[in-house]
Structures are given as structure tokens and as C-alpha cells.
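In what follows, a structure is listed as C-alpha cells, so that the remarks can point back to it.
The values are calculated or read from the model by the stated rules, or taken from the named source; none is laboratory data. As the structure is a prediction and not an experimental result, all values here were calculated from the model. Cβ: placed from backbone, ideal geometry, glycine included. Neighbour counts: every protein chain shown. When the accessible area is computed, the model is the full protein with side chains, heavy atoms only, and any ligands, DNA or RNA have been set aside. Shrake-Rupley method; radii C 1.70, N 1.55, O 1.52, S 1.80 Å.
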Amino acid sequence: MKSRRTVRTKASLEKVIVRPMELERMYGVSKGTAYRLMGENKFPQVIKLTERSVGWKKTVLDQHFGLID
């Protein structure tokens, strides 16, 4: 049986959203630190997803942390 390999294109990666609770696990930055740094304009601003939820584009965070050019 062949394994399926997921190929993520740049367009599909643009759609990946990192929610505040995932931020620490993925990047080692707590939610509180992210909000503090946003207030100092040292961290990307969140995108409002709904009235009660926010997140960041994964590509924006990867660029911020120097993971991609």
C-alpha cells in the first residue's frame, strides 16, 4: 500500500491559521507575551476570525521567527 504524502503549496500554507493557544506549543511564545509584544509593535498583529476568535497566518509567524524568507 502506498502512503499518501500531503504536499502543501504556498497558497494552501497561506490559509493555515495559528490560534493563540497553539502559539506556545509551535513557537515557544506564550499568549500573554505575544499580546504584550503586539502592544509594543514587536509582534505580528492578530487577524480577527470571528467576533470571539483571533489567530495569525502561519506564514507571517514563520517569517517573524526567521523560519522562512
The correct count of residues that are open to solvent by less than 40 Å² (accessible area, probe 1.4 Å) and aromatic (Phe, Trp, Tyr) in the stretch 58-69 is 0
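Here's the yes/no breakdown for (1) open to solvent by 80 Å² or more (accessible area, probe 1.4 Å); (2) touching a Gly at 6+ places or on another chain (Cβ under 7 Å); (3) of a type in the set (Lys, Arg):
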{"site": "Val18", "(1), (2), (3)": "no, yes, no"}
{"site": "Leu23", "(1), (2), (3)": "no, no, no"}
{"site": "Tyr27", "(1), (2), (3)": "no, no, no"}
{"site": "Leu37", "(1), (2), (3)": "no, no, no"}
{"site": "Lys42", "(1), (2), (3)": "yes, no, yes"}
{"site": "Ile47", "(1), (2), (3)": "no, yes, no"}
{"site": "Glu51", "(1), (2), (3)": "yes, no, no"}
{"site": "Trp56", "(1), (2), (3)": "no, no, no"}
